[in-house]
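First comes the structure, then the notes that go with it.
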């Protein structure tokens, strides 16, 4: 099964960002917008993981969550990775979030799951570009967004069911969640 490790914003932060992006979504229908009910901060993308590796991963992620305290975060502004991905940035306890992402990657590698070795860039994906879409106007339109501060209190192991319909929308299923306790 295809898995990733994530932190999710609370409903009030999702509603606030959804409201802020509503007009931009309507003005840029060529972009493939992610659904607000699936918004998350990916800490580690794991790809396809077998049952045996998953069992070991669950134990290691539980320990990682117990070692990391809750963190205060906010979603602000917008940015892009080329013309392929539109995102909103994460501010607040970003160093703690990076530490949690590193712990998730270590947990995966210790059970034999290969993870990409690239710097972690905290963000929430809003949309994906299609056919050479220019994301700069969308970034400019969302530049002033400043979301509320919220507390991330849980780490999640999530399964991704790849979309098969005409909109190719994936569905996410939370398999496990652990409290961030910092103990």
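The values are calculated or read from the model by the stated rules, or taken from the named source; none is laboratory data. As the structure is a computational prediction, the values presented were derived from the model and not from experiment. As a convention, Cβ positions derive from the backbone with ideal geometry for all residues, glycine included, and neighbour counts pool all protein chains shown.
Data table
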{"quantity": "Residue count, the range 16-47 (criterion: closer than 24 Å to residue 176 by Cα and not in a strand (DSSP E or B))", "calculated": "7"}
{"quantity": "Lone qualifier among 73, 97 - being closer than 15 Å to residue 147 by Cα and buried (at least 20 other Cβ atoms within 10 Å of the Cβ)", "calculated": "73"}
{"quantity": "Residue 17 being surrounded by 12 or more Cβ atoms within 10 Å (Cβ to Cβ), closer than 14 Å to residue 123 by Cβ and touching a helix residue (DSSP H, G or I) at 6+ places or on another chain (Cβ under 9 Å)", "calculated": "yes"}
{"quantity": "Some residue of the range 149-163 being modelled with pLDDT under 95, more than 17 Å from the chain's Cα centre (by Cα) and either surrounded by fewer than 18 Cβ atoms within 10 Å (Cβ to Cβ) or closer than 21 Å to residue 50 by Cα (or both)", "calculated": "yes"}
{"quantity": "Residue in the range 52-75 that is under 18 Å from residue 143 (Cβ atoms) and touching a residue at least 40 places away in the same chain (Cβ under 8 Å) present", "calculated": "yes"}
{"quantity": "Matching residues in the range 1-14 - criterion: being part of a helix (DSSP H, G or I) and surrounded by fewer than 19 Cβ atoms within 10 Å (Cβ to Cβ)", "calculated": "11, 12"}
